[in-house]
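Take a look at the structure set out below.
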Amino acid sequence: MKRGRDGFLDIGRVTGLHGVRGNVKVAAFSGDPGGVLAAKTLRLSGGRGMAPGAVGDYEVVTAQPAGGCAVFALSGIGTVEAAETLVKAVVSVRYEELPSLPEDEFYWIDAVGCMVVDEAGGPLGEVVAVEPGAAYDFLVVRRPGGEDGYLPVVEAFVRKVNTAARRVVASPPEGW
């Protein structure tokens, strides 16, 4: 996820159409479409029928899960032909429309910029990105010397994430 212009956050991509009324299927970058179903507005950019650099904001009429994706009916898109132009578009939502998370979870975008310290409070670096992995995700930590380290986001290595305090407490694996 990355935060874009005007407080919008890139959350997925239009992968195809659903039905005959112009509904679009959105695959969430996180793999879980549940969080995007609460969106009231979708910002779409880069669809195959859109002009280069074009961005469109669409009011969500309905949203439902289907086959591992989120399916949206969008205001102003009522035909398969109109929806076809949106395929491959990057989908963004307003950050404040994302659902609240349990205390032990965080949105990737909120981890970026957090300082990473060891359990004694010693500095390890700063989170510059979060990368998905096959088994687990990785915090990309820019170390004091300038090189990046990849810290697996598992309880054994990432002890506490406090995005409000902009701090991650970690116990990196040996040789990290």
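Table: residues versus (1) out of contact with any helix residue (DSSP H, G or I) (no Cβ under 6 Å at 6 or more places or on another chain); (2) of a type in the set (S, T, N, Q).
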| position | (1), (2) |
| --- | --- |
| VAL24 | no, no |
| PHE29 | yes, no |
| GLY35 | yes, no |
| GLY47 | yes, no |
| PRO52 | yes, no |
| GLU59 | yes, no |
| THR62 | yes, yes |
| VAL71 | yes, no |
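Within segment 127-136, can one find any residue that is part of a strand (DSSP E or B) and over 30 Å from ALA39 (Cα atoms)?
Here is the first cut: in segment 127-136, the residues part of a strand (DSSP E or B) are 127-131.
The next check asks that each one be over 30 Å from ALA39 (Cα atoms); those that pass are none.
No; the residues of segment 127-136 include none that is part of a strand (DSSP E or B) and over 30 Å from ALA39 (Cα atoms).
Against the condition within 16 Å of the chain's Cα centre (by Cα) and part of a strand (DSSP E or B), how does VAL161 come out, does it pass? Show your work before the answer.
Values: within 16 Å of the chain's Cα centre (by Cα): no; part of a strand (DSSP E or B): yes.
Spelling it out, it is not the case that VAL161 is within 16 Å of the chain's Cα centre (by Cα) and part of a strand (DSSP E or B).
For residues that are touching a helix residue (DSSP H, G or I) at 6+ places or on another chain (Cβ under 9 Å), surrounded by 18 or more Cβ atoms within 10 Å (Cβ to Cβ) and modelled with pLDDT of 90 or more, tally how many sit in segment 93-129.
2
Here are the criteria: (1) farther than 26 Å from TYR136 by Cα; (2) surrounded by 15 or more Cβ atoms within 10 Å (Cβ to Cβ); (3) in contact (Cβ under 8 Å) with a residue 24 or more places away in the chain. Tell me which single one GLY12 does not satisfy.
(1)
Each row is one residue, and each column tells you yes or no for (1) at pLDDT 80 or above; (2) closer than 28 Å to GLY113 by Cα; (3) more than 16 Å from the chain's Cα centre (by Cα).
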site: MET1; (1), (2), (3): no, yes, no
site: ILE11; (1), (2), (3): yes, yes, no
site: VAL14; (1), (2), (3): yes, no, no
site: GLY22; (1), (2), (3): yes, no, yes
site: LYS25; (1), (2), (3): yes, no, yes
site: PHE29; (1), (2), (3): yes, yes, no
site: LEU37; (1), (2), (3): yes, yes, no
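Condition (residue is among the charged types (D, E, K, R), without any contact (Cβ under 8 Å) to a residue 60 or more places away in the chain, surrounded by 11 or more Cβ atoms within 10 Å (Cβ to Cβ) and under 17 Å from SER30 (Cβ atoms)) applied to segment 153-162: is it met by at least one residue?
Within segment 153-162, none of the residues are among the charged types (D, E, K, R), without any contact (Cβ under 8 Å) to a residue 60 or more places away in the chain, surrounded by 11 or more Cβ atoms within 10 Å (Cβ to Cβ) and under 17 Å from SER30 (Cβ atoms).
Suppose we filter VAL87, VAL91, VAL141, VAL60 for residues that are β-branched (Val, Ile, Thr), in contact (Cβ under 8 Å) with a residue 40 or more places away in the chain and assigned to a strand (DSSP E or B); which single one remains?
Going through VAL87, VAL91, VAL141, VAL60 in turn, just one is β-branched (Val, Ile, Thr), in contact (Cβ under 8 Å) with a residue 40 or more places away in the chain and assigned to a strand (DSSP E or B): VAL91.
Please indicate, with yes or no, whether at least one residue in segment 73-90 is farther than 24 Å from THR41 by Cα, touching a strand residue (DSSP E or B) at 6+ places or on another chain (Cβ under 7 Å) and surrounded by 14 or more Cβ atoms within 10 Å (Cβ to Cβ).
For segment 73-90, residues farther than 24 Å from THR41 by Cα, touching a strand residue (DSSP E or B) at 6+ places or on another chain (Cβ under 7 Å) and surrounded by 14 or more Cβ atoms within 10 Å (Cβ to Cβ): absent.
Applying the selection to segment 63-80, what residues are over 15 Å from VAL91 (Cα atoms) and assigned to a strand (DSSP E or B)?
GLN64, PRO65, ALA66
The values are calculated or read from the model by the stated rules, or taken from the named source; none is laboratory data. Bear in mind the structure is a predicted one, so any value in this text is a computation, not a measurement. Here Cβ is always computed from backbone atoms with ideal geometry, including for glycine, and neighbour counts include all displayed protein chains.
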